[in-house]
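Peer 1: To start, I am sharing the structure in question, which I have written as C-alpha cells.
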Amino acid sequence: MIDRFVRLRWQWEPESNKDDAYGFVVYRFEKDEPIRLEYGNNVIAIRFSQEKFYFDTTCEPGKQYTYVVRPMDRNKYLGPPSETVIVHMGR
C-alpha cells in the first residue's frame with residue numbers, strides 16, 4: 001500500500017512460448033465477499049499490456065480488499081487465477 005493506493009505486482013511464467021500473456025484482468029473483492037470469478041462485477045481493470053503491475057486508486061480507508069489477477073491471451077481467453085492477496089487499508 002502506498003498512501004491511499006494499492007500497488008499490485010505479479011509474475012507470470014507461461015507454460016510454453018505460445019502462452020505469452022497479451023493482457024491481464026484484475027479483480028477486487030471486499031471483506032467477506034465470496035471470490036467468484038465467473039461474474040464481471042468485481043473486475044476493476046482489464047489491461048491489454050504485458051506490464052505486470054496495477055495501481056488501485058479507488059481504495060477506501062479502513063477497508064479490507066482481496067485481489068486476484070488472471071492472464072489473458074490474444075483471443076481474450078483467460079488463464080488460471082493467481083493466488084489471492086489481502087490488503088488492509090489504514091484509516
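Peer 1: What strands (runs of 3 or more DSSP E) lie completely within the stretch 23-64 and have 3 or more residues being buried (at least 17 other Cβ atoms within 10 Å of the Cβ)?
Peer 2: 23-30
Peer 1: Sort out which residues of the stretch 65-81 are of a type in the set (Ser, Thr, Tyr) and surrounded by 11 or more Cβ atoms within 10 Å (Cβ to Cβ), and write them in order of number.
Peer 2: Within the stretch 65-81, Tyr65, Thr66, Tyr67 meet the criteria.
Peer 1: Moving to a separate point now. Among Arg70, Arg36, which is among the charged types (D, E, K, R) and in contact with a Pro (Cβ under 9 Å, 6 or more places away or on another chain)?
Peer 2: Arg70
Peer 1: To continue, here is another question. Among the residues of the stretch 8-22, which ones are surrounded by 12 or more Cβ atoms within 10 Å (Cβ to Cβ), modelled with pLDDT under 90 and not acidic (Asp, Glu)?
Peer 2: Trp10, Trp12, Pro14, Ala21, Tyr22
Peer 1: Residues in the stretch 76-91 that are farther than 11 Å from Thr66 by Cβ and part of a strand (DSSP E or B): how many?
Peer 2: Adding up the residues that qualify gives 1.
The values are calculated or read from the model by the stated rules, or taken from the named source; none is laboratory data. Bear in mind that the values here come from a model prediction, so they are computed numbers and not experimental data. For neighbour counting, all protein chains shown are included, and Cβ atoms are generated from backbone atoms with ideal geometry for every residue, glycine included.
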